[in-house]
Amino acid sequence: MALYDALRELPLEVESYALERLEQAVSSEFTRVTTVIRLLGGGEEGVGEDVTYTAEDHPPPDELPLAGSHTIDSYSSLLEGLELFTEEPGMAASRDYRRWAFESAALDLGLRQAGRPLASAVGREPAPVRFVVSMGLGDPPSTETVRGWLEHYPGLRFKLDPRSSWTEELVAELVELDCIDVLDLKGQYEGTVVDQPPDPRLYRLLVESFPDALVEDPALTDETRAILEPHAHRVTWDAIIHSVEDIEGLPWEPRSINIKPSRFGSLQRLCATYDYCEQKGIEPYGGGQFELGPGRGQIQYLASLFHPDAPNDVAPGAYNLQEPRPGLSTSPLEPTPEPTGFQWSGVTIAGDV
C-alpha cells in the first residue's frame, strides 16, 4: 500500500485559521522569521510552520478560503489552486515551503479530529532519532566552535559546510576530532548567501580526508565530476530534491538522500519519495530549515518513523545558536509523539528541549 493512501481519505473539517509570527535574532545581520499556521476545526487545532526565509514574505494571506469539509487529498487539491503569497516571493522555493506549512497543519488537524497519531496512521513505530549538528566554521574558519560543543557532548556528530577558505591544516584538525558525518558543499544553491562555487582543490581535499563522510550537493563541472566519480556511492543531494522525478534525474543513482519535507510542498510528493526510497534501497536522512516552532518537532517525528538511525540534520533548535552550552538533549532523541496528531511533545521556540 502506498504511504499516501493511508492518509489521503482522512476527513478534515476546517472552520478557520490563525497566524503566529516567530522570530529569533541569530546575528546582527540576520533575524530568522517563521510563521506558525494554526488550522482550527471541530474543537481541535492543527499546526504547521512556514519556513520561508525572506522575512518580508511573511505572513501568509489571512483570508484564504480554507473553511469547509475536506479530505486530506481534497484539501491539498484546494491549496494547489490558491495563491499563498500576496506578492511574488523573494525565492521560488518559498512556494513549496508555505504549501508544506498548510499541508502539515491539515495533517495534524485531521489526525487530531480522528483521534489518531501519525505513527499508527502509517503503521510505524517511532524510534530514537540520531542527529547531527549542522554549522559552518566561520570566517576565517576555525574548529573552535566544534571543539566547544564536543567539550559538552563528546559523542556529538556534525554536518559541516566547507568553504574554499578551508586549509589542509584545518582539515587535519577535523580529521583528528573524528566527528564528521556529512560535508555539505552548498554547490546547488544560486544567488544565496551560502553559495559555494565548485572548487576542485577543496573537493579533492575533502573526499580524500574524510573517506566515510557523505558528500552533499556538490557542483558538477568536468573537473569536479572526475574527482567525485570514484566516490559516487557517498554523494548525496538536498537543495535540488523536490520530487521522485528529481531523484531519477540525478547524475548517479544515490544510496542516500536528504529529505527536507518543506522542499516537497505537498504531502503526496513527500510520501511518494519515501515510498520510492524504500523500493530502491535508498537510505534517506532528514533535514531542517531553521524552524523556530512546531515544524522542528514534525521533522523529528518523520525522522523517527522513516530514518531514525541516519545522520539527521534535525537537532534541537538550540544547537543552531552556535554558542556551545550544556544541558541540551543529546543524540539519539527519545520519541515524544503526542497521543494524537502530527506533533512532537515539548518543542518550543529555539527547540532547546
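The values are calculated or read from the model by the stated rules, or taken from the named source; none is laboratory data. In this text the structure is predicted, and so the values were computed from the model without any measurement. Cβ sites come from the backbone with ideal geometry, for glycine too, and all protein chains shown count toward neighbours. For accessibility, only protein heavy atoms count, side chains too; no ligands or nucleic acids. Shrake-Rupley method; radii C 1.70, N 1.55, O 1.52, S 1.80 Å.
For the reader, a short list of remarks on this structure follows.
- Rolling a 1.4 Å probe over the protein heavy atoms of segment 29-168, with every protein chain left in place, gives an accessible area that is 47 percent carbon and sulfur.
- Degrees between helix 200-209 axis and first principal axis of the chain (Cα, 0 to 90, nearest 10): 90
- For the chain: accessible area per residue (Å², 1.4 Å): 42
- Overall, the chain carries a charge dipole of about 620 debye about its Cα centre when +1 sits on the Cβ of Lys and Arg and -1 on the Cβ of Asp and Glu, all other atoms neutral.
- For segment 78-160, alpha-carbon Rg and Dmax in angstrom: 19.9, 53
- In this Cβ point-charge picture (+1 for Lys and Arg, -1 for Asp and Glu), segment 162-268 has a dipole of about 240 debye about its Cα centre.
- Degrees between helix 294-306 axis and first principal axis of the chain (Cα, 0 to 90, nearest 10): 80
- Computed label-point distance, nm, for sites A18 and S345 using a 7 Å Cα→Cβ extension: 2.4
- Taking 0.36 nm per residue of separation and subtracting the Cα-Cα distance, full extension of the segment from K280 to S120 would add 55.2 nm.
- Fraction of antiparallel bridges per DSSP, the chain only, in percent to nearest 5: 55
- Charge-dipole axis of segment 246-312 as Lys and Arg at +1 and Asp and Glu at -1 on Cβ define it, positive-most pick from G295, N258, A272: G295
- Over the chain: helical MRE at 222 nm, DSSP H runs n ≥ 4 each giving -39500 (n - 2.57), nearest 500: -9000 deg cm²/dmol
- For segment 36-89, the list of GluC sites (Glu not before Pro) that fall in a loop by DSSP and count at most 11 other C-beta atoms within 10 angstrom reads E63, E83, E87.
- For the chain, relative contact order (Cα pairs under 8 Å, six or more residues apart, normalised by length) works out to 20 percent.
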